[in-house]
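Here is the structure we will look at.
Every number in this text was worked out from the coordinates using simple rules, so none of it is lab data. All values derive from a computational prediction rather than experimental measurement. Here the Cβ positions follow ideal geometry from the backbone for every residue, glycine too, while neighbour counts run over all protein chains shown.
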Amino acid sequence: MAAVTPTLPGVDFSNLMERRWSCRAFRDEPLPDDLLTELLATAQRTPSWCNSQPWQVHLLGGDALAWFRTELAGRVAADPLGVASDLPLPGGYHGVYDERRRAAGYALYQSLGIDRSDKAARAAAMMENYDFFGAPNALIVTTDKAQGPYGAVDCGAYVTNLMNAALDRGVATIAQGAIGVYAGVVRDLLDLPEDRLVVCAVALGWPAEEHPVNGFRTDRADLTDVVHVVAAP
């Protein structure tokens, strides 16, 4: 008898990925607690190395987020060069990686009406990261130090699944590596132990759909640029 392939519930994942975007302007309306719990429970199903599940998240909202964003933005503004990332930062952007980075940055500033020569306006736009773009909720994602790069990779999978789960429920998100760049400040504010490494933040909420920045989209490389089909020797 032929094996029967189990039928899985239909999910239009391709359509979900086509609609995925990074929100940079939110409404201040808070997300319901039960919806936040639902999204976190879905993300918790993320696979990980040896099922170690190295991620931990600090959920911020309301007065706690107001306090955190004020303290974080104030400290960053006071010492913009005080970078203290727990994870190694990129050694540089060269070739096609620099081209993609520049194209995304120019398109973002164009959506905001910022000339590429206007350094002050660009700096102000960058500081929006530390206000979490006005989002009503934010997550600080950390990993276990002993898990090394694999723990950080697992956290990346967790963040991706969380954002896709949110999009499926109409919730907008943006992953924020800019928060991880100031890991020292984050550690101090949240009183994190030394064995927890700050990976990034995720801002989430209902999108301010009328804001021009939310019309900005990045493109993707062609498959021929990233997929290398291996032939038998």
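Placing unit charges on each Cβ (+1 for Lys and Arg, -1 for Asp and Glu) gives region 86-233 a dipole about its Cα centre, and among Gly170, Pro90, Thr142 the Cα reaching farthest toward its positive end belongs to Pro90. With a simple spin-label model that places each label point 7 Å from the Cα along the Cα-to-Cβ direction, the separation between Thr160 and Gln44 comes to 2.2 nm. Near Val185: Cβ cut-off under 10 Å, other residues only, Lys/Arg at +1 and Asp/Glu at -1. The net charge is -1. For percent of Cα pairs over 33 Å apart, the choices are (1) 16; (2) 21; (3) 12; which was calculated from the structure? Matching the structure shown: (2).
Each label point was placed 7 Å from the Cα along the Cα-to-Cβ direction; for Asp195 and Tyr93 their separation is 3.7 nm. Ranking Gln44, Ile114, Trp206 by how far each Cα lies toward the positive end of the dipole of the chain (charges on Cβ) leaves Ile114 at the top. Compute the signed sum of charges (Lys and Arg +1, Asp and Glu -1) over the other residues within less than 15 Å, Cβ to Cβ, of Gly74. Charge balance in the 15 Å sphere: -3. Only helical runs count toward this figure. For the chain, summing -39,500 (n - 2.57) over DSSP H runs of n ≥ 4 and dividing by all residues gives -12500 deg cm²/dmol at 222 nm. Look at the dipole of the chain built from charges on Cβ: of Ala66, Ala152, Leu192, the Cα furthest out on the positive end belongs to Ala152.
Remark on region 10-64: ratio of C-alpha radius of gyration to 2.2 N^0.38 Å is 1.45. Taking the average, over residues, of other Cβ atoms within 10 Å as the packing measure, peptides 219-229, 71-81, 164-174 rank 164-174, 71-81, 219-229 from highest down.
Using a simple spin-label model with pseudo-atoms 7 Å out from Cα toward Cβ, Lys119 and Arg100 lie 2.9 nm apart.
Under a model in which nothing but the beta-carbon of Lys, Arg (+1) and Asp, Glu (-1) is charged, the chain shows a dipole of about 480 debye around its Cα centre. Report the paramagnetic label zone for Glu128: residues of region 41-74 whose backbone N is under 16 Å from a point 7 Å from Cα along the Cα-to-Cβ axis. None, by backbone N distance to the label point.
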